[in-house]
1. From the helices alone, meaning DSSP H stretches of at least four residues, give me the mean residue ellipticity at 222 nm for chain B, per-run term -39500 (n - 2.57), in deg cm²/dmol to the nearest 500.
2. Could you work out how far the C-alpha centroid of the range B:37-94 sits from that of the range A:320-360, in angstrom?
3. Averaged across orientations, what area in nm² does the convex hull of the alpha carbons in chain B project?
4. Could you list A:274, A:93, B:189, B:272 in order of exposure, starting from the residue whose Cβ has the fewest other Cβ atoms within 10 Å?
5. Can you put A:303, B:14 in order of Cβ neighbours within 10 angstrom, beginning with the fewest?
6. Kirkwood hydrodynamic radius of the range A:246-359 from all distinct Cα pairs, in Å?
7. Between residue A:282 and residue A:357, what is the spin-label point distance in nm, taking each point 7 Å from the Cα along the Cα→C-beta axis?
8. Once both axes come from the Cα atoms, what is the angle between helix A:173-190 and the longest principal axis of chain A, in degrees from 0 to 90, rounded to 10?
């Protein structure tokens, strides 16, 4: 099978790119392990579809190489690579039946008839589509069509990786869960590398073992869903993942104390020391609302409460810390009087960022 | 459960359309129907003839029936040739048209040019162009040793009319197909590449099915126009040599305005009209149902 290596890969859509601003995709080095379930997460226009199209061979990168198991495939055409792709909008061949659709990639590759029949039956069984094999693909629902386009990838025994380009966009919400869990199941039973592009964090976090977060054409963090949540490597990751996202407050740091709001602001105790912060950098303090709990006024850091949103399971308070907006949890049983409250922070979960990037602190507690 | 307010004054909104259609279509057609069952010797005197003209028209052994069926076969043959050439050629042209850049605008303008020329001018252009003595095409063909003279030779006349129509109308088919091709999302082509489809497979499985609707329009338009063709052959050959290029419309005008046989001409134009309608209905039905699934008949148990 195949692991996919991106080696100094970069792409610009305009010819003769000068600086980094011309690149739709900035330099990336990454290895997609064989059999991994990856999500490529980022807002629209961050370059994730470009990256996907480079892997599938629909776009030839400006710089760098792509290796499948060490073999350079950078300039190989799509059909010569062992990949399949599922697109945002379901692509089926309208005039064909489901069976003919599934057989199409094999027929084009000259696979013997009996092998095709066996393989199509097998994949249709896995996708729960045996009953509709002889229906016209055109007349099926969007989720069934999306399963057909997935099936056209699965029937090929040479396929090592399947790429998904926001495949659930046009699927009804109640079917999304179903389709996503059948994807996970297929992934477990078939030992395929799956790369799933999405801008929906729930889809990414539930589908993938490893999430690659992209921003402005660059990879900002690669990690398990838990790592992205607990230790965002970039303030963007903190913002983008989580609902609501991480609180990011401009701060200045001295030793193990952060000051928010300058003179007359508040002091926040840190679990680690930051002695070697780069001079002149924009220093920010980041803490997720889940690790910031409101308490009655007098305890912890003094804050002003603006509004409380009841989300059913939890209550989220919109607050201001020394004039900077933030969010925090309101624990069960806490009653607040007036707009003054205290904020209890978990020092272990406070991160310090310099110019957006996470700074590792020294020592611990 | 009908809770919709009923208000008969709504009919007033339909009245203007009804009036326009009445004066532009219903009244003229009824006038023709009226003529078709009568005979006249001028002086606005009419005599009842019942279905006599229709019986004569549909009987090939009579003079009227004979010339009608001759012209009808000629016309059907002409339409068949036109469709057989212009539809595949139009698709081919559309497939090879550029997809982006300044070339698109240039090609579109170039393609639209023949469509903008008035029909009698088209006829005149080709009449001069194909003349054996001073026309570039006619002179060149004869110079190459190919005997060519559209005023005297049946084959030459037919070839000239067909080439003229292809020159005039293939653009229309091509432009319609081009619009159909442009509406296919890129993902289809990308999926086909991943599936390893050949150029021919892409054409038959993606492009042709997606062009079905515009092709239907193209076929209907080209059939109707070629079946009702009048101006260009009238200018080019005047229906000759002999009656070799006398199509139905030319014959109809000869009958109605040349011989002033209003009854015969009215009967002929009604039948002519019905044929156009019938053939268009067949095309429409066949092409909209081609490739669709037959509805599964539920058997009540």
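1. Calculated from helices alone, the mean residue ellipticity at 222 nm is -20500 deg cm²/dmol.
2. 89
3. Taking the Cα atoms of chain B, their convex hull projects to 28.2 nm² on average.
4. B:189, A:274, B:272, A:93
5. So the ranking, lowest neighbour count to highest, is B:14, A:303.
6. When all Cα pairs of the range A:246-359 are included, the Kirkwood radius is 14.4 Å.
7. Reported label-point gap for residue A:282 and residue A:357 is 1.5 nm.
8. On a 0 to 90 degree scale, this one is about 70.
Since every read-out is calculated from the coordinates, none of them should be taken as a lab result. Quick caveat: nothing in here was measured; it's all calculated off a predicted structure. Because the Cβ atoms are built from the backbone with ideal geometry, glycine has one as well, and the counts that use them run over all protein chains shown.
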